[in-house]
1. For the range 85-183, report the accessible area per residue in Å² (1.4 Å probe, heavy atoms, rounded to an integer).
2. Starting from the exponent 0.38 and prefactor 2.2 Å, build the expected Rg for the range 63-135 from its residue count and divide its actual Cα Rg by it.
3. What does the charge add up to near residue 68, with Lys and Arg as +1, Asp and Glu as -1, over the other residues with Cβ less than 13 Å from its Cβ?
4. Just to be sure I understand, if you calculate percent of Cα pairs over 30 Å apart for this structure, which of (i) 49; (ii) 21; (iii) 25 do you get?
5. First compute the accessible area of the chain with a 1.4 Å probe, then give the percent of it belonging to carbon and sulfur atoms.
6. Can you give the angle from 0 to 90° between the axis of helix 58-70 and the longest principal axis of the chain, with both taken from C-alpha atoms, to the nearest 10?
7. Round to the nearest 10 and give me the degree value, 0 to 90, for the angle of helix 4-27's Cα axis relative to the longest principal axis of the chain.
8. Count neighbours as other Cβ atoms within 10 Å of each site's Cβ, and list the chymotrypsin sites (Phe, Trp or Tyr not before Pro) in the range 115-183 that are DSSP loop with at most 11 such neighbours.
Amino acid sequence: ADDPDLVECVFEAVGETLVRYYEIAAAHPAVGACIDNDDWGFKTQTMLSPRQMRQYVFPWHKRIVEACHREGKPVILHSCGHFERILDDMAAIGIDGRHSYEDVILPVEEAYERYRDRFAVIGGIDVDFVCRASPDEVYMRARAMLERTAGRGGYALGTGNSVPDYVPDENYFAMIRAALESR
């Protein structure tokens, strides 16, 4: 608010760097997909207003997606936080999948039913749930999610965020077991 020219310069510098990075990465034959990481929110809202995101953030991510798509690579957006007010913007950017779901914001089961026609739902078994539930509960939820999505597409089993070292091994492996058994 105090220095919009500075804000524009920062977004320009970071955006140009990221677009160039994705142009190089997507062109590499060993790259099968690109993950566009940028946490856009927290539990109750986006970090910037949707208007500010449309002005400063989304144009750069659209260019990132275009660079990856030119090379035939799908783009998975990893973004934590509440995203319902920017859903149409996310779809317009052209992402192929979205990762990072939290039960307190939107459980993956509900996210899948609401958004699978707009982009793939990646992961979503909440890390807090994986930490606190029993291995049997983790297994049953992962299995139920795979059964829910079987034959419908647009889902990849995984956690709702990265897996920190405090996640109990037996809980994580319960989720993996559900995937292996569903093959």
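1. Spelled out: the 1.4 Å probe surface of the range 85-183, per residue, equals 50 Å².
2. Dividing the Cα Rg of the range 63-135 by 2.2 N^0.38 Å gives 1.20.
3. Around residue 68, the charge tally is 0.
4. Given (i) 49; (ii) 21; (iii) 25, the structure-derived one carries the label (iii).
5. With neighbouring chains kept in place, the figure for the chain is 54 percent.
6. The helix 58-70 is inclined about 70 degrees to the chain.
7. 60
8. 166
The values are calculated or read from the model by the stated rules, or taken from the named source; none is laboratory data. It should be emphasised that the depicted structure is a prediction, and the values quoted were computed from it without experimental measurement. All Cβ positions, glycine included, derive from the backbone under ideal geometry; neighbour counts span all protein chains shown. Keep in mind that these areas ignore ligands, DNA and RNA; they rest on the heavy atoms of the full protein, side chains included. Shrake-Rupley method; radii C 1.70, N 1.55, O 1.52, S 1.80 Å.
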